[in-house]
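The block underneath contains the structure these notes are about, expressed in structure tokens.
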Amino acid sequence: MSYTYPDSKRPDLQDVYFELLEGQSVLLTGPSGSGKSTLLRVMGGLAPRFYGGRLHGQVKLLGQDLDKWPHRDLCRHIGILFQDPESQLVTTRVDQELVFGMENVGYARDLMQDRLQEIAAVFAMQSWLYCPTLHLSGGWKQMTVLASIMAVRPRLLLLDEPLSQLDADSADQFLDYLDQCRRHWGMAVVIAEHRLDKLAKRVDKVLYINQGKVQAQPTDKISWLVGYQGTEASNKAKRISAFNKGQRVAGLRSVDFWYTHAQQPVLKQLSLDLQAGEITCLMGANGAGKTTLLKLLLGTIKPCRGQVDICGENPYRMPALQLARKVGYLSQEPGDYLFSPTVRQEVEFTYRSLQLKDYSRINRLLERLHLQPLAHRNPRDLSWGERQRTALASILVAQPQVLLLDEPTRGLDYRLKNDLAVILRDLANQGTAILVATHDQYWANTFADQLLYLQQGTISDTANSNYSGEEMLEV
């Protein structure tokens, strides 16, 4: 099979051939932008049916050409998780979201109720089963979409970065349930993922994809690659000199915060100092309040009690332009930042808005983030990882005094993660205070000055908490 998007001059997938057996699990891995998401779209019947373009060769499900399946039947047999779970949320409440797919394919009411309770228990959703989807954290949104797909119990499950926003315990719990579904119901699974350590011992087959070409790899090669990733990242981190820490530039003092729908506060008497030249990585379970903490520092929400300051001022009361010169913020949704026709114009927009002058910095940053070959592409046409880097470039180019990053490694392969760690260390060496919310402890350990854990509304040292973190493979 070969596939070409409508505006592409060469095939985005070339001469792909493989068979997927009932109950089999396959890992798709490869560099960011290599074609993993495109292959899932083709397998799910979305390309070229909805994305357009040209398809050569055959794609079959249960022996029948995919383009001959009615769309309703495809929805029953194939479940797809995209990289942007927010785009898949349809209803306004979690329990309604879980039954939405079952209603569409015509399940009986009793079956839907039984399946709802089963799925809620598996994903430990009881405490937020009736919450508004609008108020969910990124990880909880991802779990909600995963759960709604699993409730239909499709024959083929296509997952694009399903672990990217899940904490370690939630990721393990989901993968255990996935193994159970494969054993009991013969569900076949294809997972495109960069967090290889979680999948090394769980998959039957590995497909490595690069520049649209697919090669089969032995599963034991994943273990070697995970070990290599860690070694390379650690070596890069060791080559970077530490910055002589400066003064406090931002933080929170005895902050309480709760949402109007919540029964208990998200943050309780929380205090945190961010110093110039220091990188702090903030970890914690899904829904612990990491994104809420970042938004308090950004001034988009106001604390119920306590004080928040950026360079001695209240961010909630600062004019937007003044705040943008001091604080850079990357959310979990890079699409929120992208509206210009090209990648270069996206970055230049920051320069024009903040009235900056040294345009040579744009080329240097595009080069460092491996965006130079994509400079004239429309950001909306890029892969998730490429869009993530474009949004990051539009923020970093302003050289803010405080940098807030929410899950910045989503969609990035290990080389790009290592490059990002080096860039962050360079920024810290120039005096930037950096706070990163992440589930990727394996990555954070390579460069962070301090690792903090957010639990039950307060911050503690990860070493003294019961946080399980990511397992590191012995090679």
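The values are calculated or read from the model by the stated rules, or taken from the named source; none is laboratory data. None of the values given here were measured: they were computed from a predicted structure. In this analysis, Cβ positions are derived from the backbone assuming ideal geometry, glycine residues included, and neighbour counts consider all displayed protein chains.
Odds and ends about this structure:
One line per residue, one yes/no per condition, for (1) assigned to a loop (DSSP other than H, G, I, E, B); (2) in contact with a Cys (Cβ under 9 Å, 6 or more places away or on another chain); (3) among the aliphatic types (A, V, I, L, M); (4) modelled with pLDDT of 90 or more:
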{"site": "Ala200", "(1), (2), (3), (4)": "yes, no, yes, no"}
{"site": "Phe243", "(1), (2), (3), (4)": "yes, no, no, no"}
{"site": "Gln263", "(1), (2), (3), (4)": "yes, no, no, no"}
{"site": "Leu270", "(1), (2), (3), (4)": "no, no, yes, yes"}
{"site": "Leu293", "(1), (2), (3), (4)": "no, no, yes, yes"}
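- Selection count, the stretch 369-421, where residues are within 27 Å of Ala250 (Cα to Cα) and touching a Pro at 6+ places or on another chain (Cβ under 7 Å): 5
- Answer residue from the stretch 405-452, given it is in a helix (DSSP H, G or I) and among the acidic types (Asp, Glu) and is surrounded by the most Cβ atoms within 10 Å (Cβ to Cβ) among those: Asp419
- Candidates are the residues of the stretch 124-136 that are in contact (Cβ under 8 Å) with a residue 40 or more places away in the chain and of a type in the set (A, V, I, L, M, F, W, C); the one that is nearest to His71 (Cα to Cα) is Leu134.
- Filter result (within 23 Å of Gly411 (Cα to Cα) and either in contact (Cβ under 8 Å) with a residue 40 or more places away in the chain or basic (Lys, Arg) (or both)) within the stretch 424-440: Leu424, Arg425, Asp426, Ile434, Leu435, Val436, Ala437, Thr438, His439, Asp440
- Residue pairs meeting the criteria (Cβ under 8 Å; at least 6 apart or on separate chains; first more than 9 Å from Gln165 (Cβ to Cβ), in the stretch 140-151; second of a type in the set (Lys, Arg)): Ala151/Arg115
- Here Gly312, Gly289 are screened, and the one residue that is exposed (fewer than 15 other Cβ atoms within 10 Å of the Cβ) and assigned by TED's automatic domain parsing to the domain that holds Gln455 is Gly312.
- Among (1) over 29 Å from Val42 (Cβ atoms); (2) out of contact with any Asp or Glu (no Cβ under 6 Å at 6 or more places or on another chain); (3) hydrophobic (A, V, I, L, M, F, W, C), the one test that Leu129 misses: (2)
- Single condition Leu366 does not satisfy, out of (1) modelled with pLDDT under 95; (2) outside any loop (DSSP other than H, G, I, E, B); (3) closer than 24 Å to Ala250 by Cα: (3)
- Only one of Phe18, Phe82, Phe50 that is surrounded by fewer than 18 Cβ atoms within 10 Å (Cβ to Cβ), touching a strand residue (DSSP E or B) at 6+ places or on another chain (Cβ under 9 Å) and either of a type outside the set (D, E, K, R) or within 21 Å of Arg195 (Cα to Cα) (or both): Phe18
- Test result for Ala393, touching a helix residue (DSSP H, G or I) at 6+ places or on another chain (Cβ under 9 Å) and either small (Gly, Ala, Ser) or surrounded by 20 or more Cβ atoms within 10 Å (Cβ to Cβ) (or both): yes
- Filtered residues of the stretch 134-160 (kept if of a type in the set (Ser, Thr, Tyr) and at pLDDT below 90): Ser137
- Here the condition is being over 28 Å from the mean Cα position of the chain (by Cα), within 30 Å of Leu416 (Cα to Cα), at pLDDT 90 or above and of a type in the set (D, E, K, R); of Asp110, Asp65, Asp15, it holds for Asp15 alone.
- Considering each residue of the stretch 384-398 in turn, none proves to be at pLDDT below 85, among the charged types (D, E, K, R) and closer than 23 Å to Thr29 by Cα.
Okay, residues lined up against (1) under 27 Å from Gly35 (Cα atoms); (2) in contact (Cβ under 8 Å) with a residue 40 or more places away in the chain; (3) surrounded by fewer than 23 Cβ atoms within 10 Å (Cβ to Cβ):
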{"site": "Val94", "(1), (2), (3)": "no, yes, no"}
{"site": "Arg109", "(1), (2), (3)": "no, no, yes"}
{"site": "Asp114", "(1), (2), (3)": "no, no, yes"}
{"site": "Val122", "(1), (2), (3)": "no, yes, yes"}
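- Applying the criterion of being β-branched (Val, Ile, Thr) and either in contact with a strand residue (DSSP E or B) (Cβ under 9 Å, 6 or more places away or on another chain) or assigned to a helix (DSSP H, G or I) (or both) to the residues of the stretch 308-343, the residue that is farthest from Asp256 (Cα to Cα) is Val343.
- Yes/no for Glu346 being surrounded by 15 or more Cβ atoms within 10 Å (Cβ to Cβ) and part of a helix (DSSP H, G or I): yes
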